[in-house]
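Notes follow once the structure below has been shown.
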Amino acid sequence: MQEEKHPQLLHLVFGGELEDLEGTTFRDLSKVEFVGMFPDYASAHTAWKSRAQATVDEAQTRYFIVHLHRLLDPSKGDH
């Protein structure tokens, strides 16, 4: 039986301390943490959730998921 291959939809997870919770400006870019690159949203979300929960006591710290596949190939829409 042949394994079904899914398209690679790259996602980047990163975060750090923000200057203001209303914005996305980091307090110190040299301290931004790059959690990793992931092949799909589900694995990116798992990593994001883990880092977000680990820093829950740091009120100014936020993590983000960037849908890199949308930036790399905008013609593919929301896939």
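The values are calculated or read from the model by the stated rules, or taken from the named source; none is laboratory data. Treat the numbers as computed from the prediction; the structure is a model and nothing was measured. Positions of Cβ are generated from backbone atoms using ideal geometry, with glycine treated the same way; all protein chains shown enter the neighbour counts.
Counting the residues of the stretch 28-45 that are over 22 Å from residue 72 (Cβ atoms) and either at pLDDT below 95 or part of a helix (DSSP H, G or I) (or both) gives 3.
Looking at the stretch 44-63 only, could you name the residues that are surrounded by 14 or more Cβ atoms within 10 Å (Cβ to Cβ) and under 27 Å from residue 5 (Cα atoms)? The answer is 44, 45, 47, 48. Taking first residues from the stretch 67-79 that are closer than 14 Å to residue 41 by Cα and surrounded by 11 or more Cβ atoms within 10 Å (Cβ to Cβ) and partners that are at pLDDT 85 or above and not acidic (Asp, Glu), the Cβ contacts under 7 Å between residues at least 6 apart in sequence or on separate chains come to 67/11; 68/10; 68/11; 68/12; 69/9; 69/10.
Screening residue 20 against (1) at pLDDT below 90; (2) assigned to a loop (DSSP other than H, G, I, E, B) leaves a single unmet condition, (1).
How many of the residues making up the stretch 8-35 are hydroxyl-bearing (Ser, Thr, Tyr), in contact with a strand residue (DSSP E or B) (Cβ under 9 Å, 6 or more places away or on another chain) and free of Cβ contacts under 8 Å to residues at least 24 places away in the same chain?
The number of residues fulfilling the criteria is 1.
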